[in-house]
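Working notes, beginning with the structure itself.
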Amino acid sequence: MAELDIGRHCVVEDCKQKDFLPFICDGCSEVFCVEHRRRDSHSCSEVCVKKETMKCGGNTCTSYPCTYHGCNGKELLPVVCSHCEKHFCLAHRHQDAHECEKLEVPKPRMAATQQLVKEIVESKKSAPARGRRGARNSETAAKVALMKLKLHAVGDKSLPQTERTYFQVFLPKGGTEKSKPIFFCSKWSVGKVVDYAASLASLKNNNNILTAKKLRLCHPLSGEALQMDSTLESWVSNTECPLYNGGNVILEYLDNDCKGVDDVNSYFGSP
């Protein structure tokens, strides 16, 4: 029986691995295996990955300059945007931070997220009337808590008062600190909020490592992990399942296939 001619070989000279689902580079249009699919891994002719050398003690190290215009930041390890595949510093690694050319319009995704949150809320065993009462109670409690949070919350003091959004951030289980009052810029993406909260709370943040558990911001009622590229103000103004200025949010480590935390009450109960 003749062997079926399925798949194609990687064009990298010292690889030539046959892949049944090969990748075609959108830069040079050549065929590659999964290991060499990224532009910088096959030295794509359409992209020039800049590297600089610098002295590290008595040794020579390779650094990767940020490609965002006007930024002189450098990293010792490559930080590559998975969408535009360009190098950036840690401060500009999120799509909105470096004005990514492949940043999607958030409205369709936001609508899908709202629908998903709505379905999760409706699937809860509690009666609808009880759920609405809980939402009203959350809003009232947040207004009262906001006054206290403004006295104790930490954050970037250079932010204008009109752009500040305050939360009692409940930290991952197993830590020494249960929660921390923090204010953020309402225009920030959820991804930037996660990074900033992790920095202030001294939490380990491996969100740039593919196989590691991800630090995610979760809704205090549904437990749903919020989309990293949605903005904070879009959730505060959400009419279906909003976040409240002065309310609670949950910060937790989740597996890559996990969509949220199961028991939100376990974060807010007494220790």
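Using a probe radius of 1.4 Å on heavy atoms only, what accessible surface per residue do you get for region 150-271? Whole Å² is fine.
Value returned for region 150-271: 50 Å² of accessible area per residue.
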The percentage of the accessible area of region 154-194 (probe 1.4 Å, all protein chains present) made up of carbon and sulfur atoms, to the nearest whole number, is 51 percent
If amide H atoms are modeled at 1.01 Å from N in the peptide plane, then the residues at a separation of 5 or more from GLY247, or on another chain, having amide H under 5 Å from its own are GLN168
In this structure, the FRET efficiency calculated for TYR196 and VAL34 from their beta-carbon separation, with R0 = 51 Å, to the nearest 0.05, is 0.90
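Compute the Cα gyration tensor for region 145-271, then decide on rounded, prolate or oblate, letting a ≥ b ≥ c be the square roots of its eigenvalues: rounded whenever a/c is under 1.5, prolate when a/b is larger than b/c in the other cases, and oblate in all that remain.
On the way: a/c = 1.34, a/b = 1.29, b/c = 1.04.
Rounded is the answer for region 145-271, as its axis ratio a/c remains below 1.5.
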In terms of the alpha carbon gyration tensor, root eigenvalues a ≥ b ≥ c, rounded if a/c is under 1.5 and otherwise prolate when a/b exceeds b/c or oblate, region 151-205 is prolate
Amide H proximity to GLN95 below 5 Å, modelled H, separation 5+ or other chain, gives none
Given unit charges at Cβ for Lys, Arg (+) and Asp, Glu (-), the dipole magnitude of region 200-271 about its Cα centre in debye, nearest 20, is 280 debye
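The values are calculated or read from the model by the stated rules, or taken from the named source; none is laboratory data. These figures come from a predicted structure and were not determined experimentally. For neighbour counting, all protein chains shown are included, and Cβ atoms are generated from backbone atoms with ideal geometry for every residue, glycine included. Protein only, heavy atoms only, side chains kept; ligands, DNA and RNA dropped before computing areas. Shrake-Rupley method; radii C 1.70, N 1.55, O 1.52, S 1.80 Å.
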